[in-house]
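Only the coordinates and a few stated rules stand behind these numbers; no lab work does. Predicted model only: the values in this text are computed from it and were never measured. Cβ placement follows ideal geometry from the backbone for every residue including glycine, while neighbour counts extend to all protein chains displayed.
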Amino acid sequence: MDTLVRLIGRLVRHPGYRRNRIVSALLLRHLPADAGYAWRGEAVLLDRLTRARLDGATLDHLLGSVQSEYTRLRGPADA
């Protein structure tokens, strides 16, 4: 869970992050509404995700989705 929260924090702080461009509906459901350097909600997000009692498959999906979104924002490796 801590890894997921850390990755979501990194994603929402990325300058290219746009919430309305997230592909995964499940990830979108768990993303905070605010973003950028103003967002300091790791503790709040951790609490919310813990209370959601997500199962292992859902956590795996969320981890994969947030990693894919971050990779997409970074652009091609050869750019």
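Couple of notes before you dig in:
- Compared with the alpha-carbon gap, the fully stretched path from V23 to S68 is longer by 15.3 nm at 0.36 nm per residue.
- Per-peptide packing, taken as the mean over residues of other Cβ atoms within 10 Å, places 64-71, 17-24 in the sequence 64-71, 17-24 from highest down.
- Based on Cα contacts under 8 Å between residues 6+ apart, the chain shows a relative contact order of 48 percent.
- Each of D2 and V44 was given a label point 7 Å from its Cα along the Cα-to-Cβ line. The distance between the two points is 2.3 nm.
- Normalised by 2.2 N^0.38 Å, where N counts its residues, the alpha-carbon radius of gyration of the chain equals 1.05.
- Each Lys or Arg adds one and each Asp or Glu takes one away; over the other residues whose Cβ falls under 9 Å from the Cβ of V12, this sums to +2.
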